[in-house]
Amino acid sequence: MIALPTLLDTQAAGPLLADLRQSFAEPGDVRVDGGAVERVGQAAVQLLASARLSAAADARGFVIEPVSAPLLAAAKLLGVQELLWPEGEPAVVAAN
Amino acid sequence: MELDEIAAIFFLECDEGLAAIETHLAVYDRDDSDPETINTIFRAVHSIKGGAGAFGHERLQHFAHHYETVLDGLRNNKFSADKQVRAILFAAFDLLTDHVLAAKGERDVPDDARVLEQLDAVAEGRLSSADDAAAPAPAAPEPDENGFVVQAVDLGALFDEPADSGPAPWKVVFRPEQRALDNGQEPSLLVAELCQMGGKLIAVDHESLPALDAIAADESYLGWTLELPADLDRDEILGVFDFISPASTVIVERSGEPAAADTPAEADEAGFVVTPVSLDDFDIPAAAPAAAPAPELKPTPAAPAAPAAKAAPAAPAAGPSPTIRVELDKLDRLVNLVGELVITQAMLAQRLSESGIPTLDELSDLDHLTRELQDSAMSIRAQPVKSVFSRVPRIIRELESETGKRVRLEVEGEMTEVDKTVVERIGEPLTHMIRNAVDHGLEKPEDRVAAGKNPEGVVRLAAEHRSGRIVISVTDDGRGINTAKVREKAIERGIITADQQLSEEELENLIFAPGFSTAATVSNISGRGVGMDVVRKNVQALGGRILIANRPGQGSTFSLTLPLTLAILDGMIVTVGGQTYVIPLTHIVESLRPQPSDIHHLGPDAMVLNVRGNYLPVHTIGRLLSVPGARAQPTEAVLVVVETDAGRAVLMVDDIQDQRQVVVKSLEANYQPVAGITGATILGDGRVALILDVEGLVARHNQIGGDFEMLAA
């Protein structure tokens with residue numbers, strides 16, 4: 001499980017990429033906890049989208065849950081909401 | 001260029017933008033007939049919004065957006081600007097200024113809820129007497145509670161409307177370059193801004209998004225296509241991209257009927273674009289980089305007029321003469337070097353003269369050129385006082401609302417130039433003077449009416465050059481200074497004794513005494529009894545003077561007289577016991593060699609000089625500064641009558657040598673502060689001469705030697 005930080009800007013994208021690659025190196029579904037995210041930038045949204053596409057190519061599960069409202073809003077703004085949650089808009093949790 | 005430098009430029013441009021808004025708001029308030037006035041205000045706010053978006057100052061961006069919405073409505077005549085709307089425009093300007101300061105980190109983020117609500121009320125036609133309430137401005141987006149501004153825009157009315165004759169909506173393709181995330185830039189904020197303008201995301205291109213093993217965390221891979229409302233200006237949309245790298249792809253074009261296209265984009269006005277986006281490519285989708293996405297983007301079917309017209313914007317707009325920004329340090333170094341050159345030139349001239357070499361033409365040419373070079377170097381540092389004057393309207397507005405008085409501000413001579421250091425340091429004295437004029441000078445509207453005056457008081461702020469100095473005056477048409485009341489208060493405060501006889505002028509000057517206040521109640525505006533004292537101290541520190549012209553019942557004028565520069569000083573070169581000193585010319589009234597009958601001794605050390613019936617205390621420089629060998633007899637010495645804030649006094653020196661301009665060197669910076677001395681200069685013979693602090697010396701002597709004026713009286 002990767003827990004996304006509160007502030008997920010371009011600087012935080014580097015560590016996130018490392019975490020995602022680590023998770024993908026291990027077998028099984030990749031799970032990301034996005035419940036604490038308060039601010040998120042394009043860099044991190046792109047990484048999540050890339051991870052989603054990579055998971056699909058590997059035929060493995062990729063789940064972002066829970067999802068904070070700012071994370072969902074950023075995904076919508078940048079037009080990758082359907083890519084990240086193809087099964088439909090996720091329920092959001094209040095960020096702490 | 002580092003991000004910090006770009007951000008610094010952005011803030012400089014914010015300041016320029018705010019100044020432009022302030023100026024044009026004042027014009028608009030008087031006369032709103034020229035559409036260019038409101039357009040200029042709109043563009044300035046828009047540029048601030050664009051920069052704020054690029055640098056992630058979301059609160060500033062959010063506020064500017066709401067402000068801009070109202071300005072846009074005004075320039076498109078969606079509603080009219082009645083008095084109430086104008087007041088809101090001014091209030092919004094003040095808040096915009098506060099938001100910029102907050103973005104700079106110089107203050108807390110202001111509470112803008114009330115003004116935002118007012119702006120929205122104007123924009124939605126709830127406030128203004130709009131002619132056409134059926135055509136409301138686009139609904140202002142709600143701020144996201146997390147600060148990441150995501151649109152909550154109701155576009156229904158705009159898009160569902162069967163627009164059978166209006167222009168087609170805009171299609172915007174935006175694909176940031178690969179390095180667009182460098183230095184903390186956030187292209188998604190630009191997408192958010194487009195959404196705020198009523199944009200709707202219609203496609204995202206993630207074709208080039210690499211798989212996880214190949215992706216770089218800090219590169220940009222996405223691109224977007226948005227649809228924006230047809231009634232936006234093309235320039236407005238392009239303005240969003242003012243601060244992005246030219247390598248990014250931006251295409252803005254109408255997606256529908258080209259015949260109804262808006263007027264072609266005008267050349268971008270100068271000033272606010274750091275990296276101008278080339279407009280050339282925007283209308284030619286074929287010329288866009290191969291990466292340009294959006295298969296759904298249809299080239300405009302037939303737009304012969306528009307692209308042809310739009311090829312023109314590449315030509316730069318005619319504007320004011322070009323300028324460059326220079327670091328202040330570099331300028332100071334230049335000014336300092338020129339100062340050294342002036343000194344060296346004077347030394348050379350003196351050496352030649354001492355060697356008996358007759359006057360050379362070349363030497364006088366050199367002298368002439370050196371002076372000219374010095375003037376030019378100083379003029380580079382000169383700035384119009386406008387930057388200080390521009391704060392005043394806001395202070396007046398705040399005072400109006402705090403005091404309930406009505407004030408009309410008249411400004412004159414705001415382009416008068418003075419050295420940057422002086423400009424920077426007159427802000428505080430000026431603020432106090434303005435507050436004093438409104439709080440103490442002007443009467444309440446009902447009192448004015450009772451006195452047969454216009455209920456609206458006038459405060460006139462003026463600047464002019466006069467005899468090589470700048471004079472800044474604040475005049476009010478209020479009640480004037482009531483000297484009887486001043487006297488009463490001064491006695492009550494223990495500043496003067498009840499039996500002390502003072503002239504009208506001396507009574508007026510009591511308001512500069514520390515701890516003096518005539519306000520009936522202490523308010524948060526003035527009346528703390530520190531304001532005018534601070535004014536005088538600051539003005540003195542600048543080598544300036546402050547004068548009062550009082551017209552009881554009709555108002556008063558406070559005039560600040562300041563040197564144009566602090567680097568050069570006109571001085572009288574005097575000697576005391578073999579030492580050379582400089583007395584600043586601004587203090588000198590006259591100099592004389594007294595007759596024995598003019599001198600009256602008051603004890604062993606104190607004496608007064610009878611100057612045409614006035615007895616002035618004599619301060620012996622040799623004794624005050626402990627200079628050995630100074631002349632002790634006034635009849636053998638030269639007496640210099642000086643004007644100070646403590647009244648006139650006499651300085652006794654041995655001889656007068658010359659009168660000339662000297663280059664001031666700071667003692668604080670080069671040595672340490674010395675009581676009685678304000679600085680030093682280097683004379684033609686290479687010796688250092690100290691510049692006398694006349695105010696300090698006279699004040700100090702008064703304390704040591706007692707009040708001569710009282711004794712003389």
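Every number here is computed from the coordinates shown, using simple stated rules; none is lab data. The model shown is predicted, which means the values in this text are computed figures rather than measured ones. Cβ sites come from the backbone with ideal geometry, for glycine too, and all protein chains shown count toward neighbours.
Assign unit charges at the C-beta atoms only (+1 for Lys and Arg, -1 for Asp and Glu), then state the dipole size of the stretch B:568-712 relative to its Cα centre in Debye, rounded to the nearest 20.
So the dipole magnitude of the stretch B:568-712 works out to roughly 200 debye.
Show which lysines lie in cross-link reach of B:LYS200 when reach means a straight Cα distance below 21 angstrom and same-chain residues fewer than eight apart are skipped.
Counting by Cα, and skipping residues close in sequence, B:LYS200 has these lysines nearby: A:LYS76, B:LYS49, B:LYS171, B:LYS298.
Distance between Cα centroids, the stretch B:9-29 to the stretch A:40-68: provide it in whole Å.
45 Å
Report the paramagnetic label zone for B:ALA247: residues of the stretch B:183-209 whose backbone N is under 18 Å from a point 7 Å from Cα along the Cα-to-Cβ axis.
B:183-188, B:208-209
Can you run the Rg to Rh ratio on the stretch B:618-693? Use alpha carbon positions and the Kirkwood inverse-distance Rh.
Taking Rh as the inverse mean 1/r over Cα pairs, Rg/Rh reads 0.97.
Based on the Cβ-Cβ distance of B:ASP32 and B:THR403, what FRET efficiency does E = 1/(1 + (r/R0)^6) give at R0 = 25 Å, to the nearest 0.05?
So, using R0 = 25 Å, E works out to roughly 0.35.
Residue-wise, which Karplus ³J(HN,Hα) couplings in Hz belong to the stretch B:548-553, taking 6.51 cos²θ - 1.76 cosθ + 1.60, θ = phi - 60°, and x for glycine or proline?
Going residue by residue, I get 10, 10, 10, 10, x, x Hz, with x marking Gly and Pro.
Let me check the size of the stretch B:568-712 from its C-alpha atoms; what are the radius of gyration and Dmax in Å?
14.6, 45
Under a straight-distance cross-link criterion of Cα-Cα below 16 Å, which aspartates and glutamates are reachable from B:LYS405, leaving out those fewer than 8 residues away in the same chain?
Candidates past the 8-residue exclusion: B:ASP439, B:GLU443, B:GLU446, B:ASP447, B:GLU456, B:ASP476, B:ASP477.
Have a look at A:ALA69, A:ALA25, A:ALA44 and tell me which one the Gaussian network model of chain A (Cα, springs below 10 Å) gives the largest fluctuation.
Ranking A:ALA69, A:ALA25, A:ALA44 by mean-square fluctuation puts A:ALA25 first.
Enumerate the calculated ³J(HN,Hα) couplings along the stretch B:611-627 in order (Karplus 6.51 cos²θ - 1.76 cosθ + 1.60, θ = phi - 60°), each rounded to whole Hz, writing x wherever the residue is Gly or Pro.
Per residue, the Karplus-derived 3J(HN,Hα) values read 10, 6, x, 9, 9, 10, x, 9, 10, 8, 4, x, 7, 4, 9, 6, 9 Hz.
Which values, in whole Å and largest first, are the semi-axes of the equivalent ellipsoid of chain A obtained as the square root of 5 times each eigenvalue of the Cα gyration tensor?
19, 15, 12
Gain in length, B:GLU5 to B:ARG493, computed as 0.36 nm per residue apart minus the alpha-carbon separation, to one decimal in nm?
Net length gain for the segment: 170.4 nm.
Can you pull the Rg over Rh of the stretch B:1-140, Cα-only, Kirkwood?
Rg/Rh: 0.98.
Averaged over its residues, how many other protein chain Cβ atoms are within 10 Å of peptide B:212-225's Cβ atoms?
6
Pull up all non-local amide H partners of B:ARG406: gap of 5 or more, or a different chain, and H-to-H distance under 5 Å with H placed in the peptide plane.
B:GLY457
Find how many whole Å separate the alpha carbon centroid of the stretch B:601-663 from the alpha carbon centroid of the stretch B:412-444.
34 Å
Starting with the highest mean, order B:592-604, B:651-663, B:469-481 by the number of other Cβ atoms within 10 Å, averaged over the residues of each peptide.
Ranking the peptides B:592-604, B:651-663, B:469-481 by packing returns B:469-481, B:651-663, B:592-604.
Positive end of the charge dipole of the stretch B:1-56 (Lys, Arg +1 and Asp, Glu -1 on Cβ, about the Cα centre): tell me which of B:ALA8, B:LEU18, B:VAL45 has its Cα farthest that way.
Going by the charge dipole, the pick is B:VAL45.
Would you please give the residues with an amide H less than 5 Å from that of B:ARG126, counting only those at least 5 places away or on a separate chain, with H modeled from the backbone geometry?
Excluding prolines and chain starts, which carry no amide H, there are no hits.
Please compute the modelled spin-label separation between B:ALA214 and B:ALA19, points set 7 Å along Cα→Cβ, answer in nm with one decimal.
Roughly 5.2 nm, to one decimal.
Tell me the label-point distance for the pair B:LEU352, B:LYS200, using the 7 Å Cα-to-Cβ offset, in nm and rounded to one decimal.
8.2 nm
What are the principal axis extents of the Cα atoms in the stretch B:390-563, in Å, biggest first?
Here the Cα extents, ordered largest to smallest, are 44, 35, 27 Å.
Give me a comma-separated list of calculated 3J(HN,Hα) values for the stretch B:377-391, in order, Karplus coefficients 6.51, -1.76, 1.60 applied at θ = phi - 60°, integers in Hz, x for any Gly or Pro.
4, 5, 5, 5, 7, 6, 9, x, 6, 3, 4, 8, 4, 5, 6
Mind checking B:550-556 for the average number of partner chain beta-carbons within 10 Å of each residue's beta-carbon?
Taking all residues of B:550-556 together, the mean is 0.
Straight-line reach from B:LYS537: which lysines have Cα under 25 Å away, leaving out those fewer than 8 places along the same chain?
Partners within reach: B:LYS386, B:LYS420, B:LYS485, B:LYS489, B:LYS665.
For B:ALA451 and B:ARG391, calculate 0.36 nm times their separation in residues minus their Cα-Cα distance, and state this gained length in nm to one decimal.
Stretched out fully, the B:ALA451 to B:ARG391 stretch lengthens by 18.6 nm.
In debye to the nearest 20, how big a dipole does chain A give about its Cα centre with +1 on each Lys and Arg Cβ and -1 on each Asp and Glu Cβ?
160 debye
Name the long-range amide H neighbours of B:GLY413: under 5 Å, sequence gap of 5 or more, or other chain; modelled H, no Pro or chain starts.
HN-HN under 5 Å from B:GLY413: B:ALA463.
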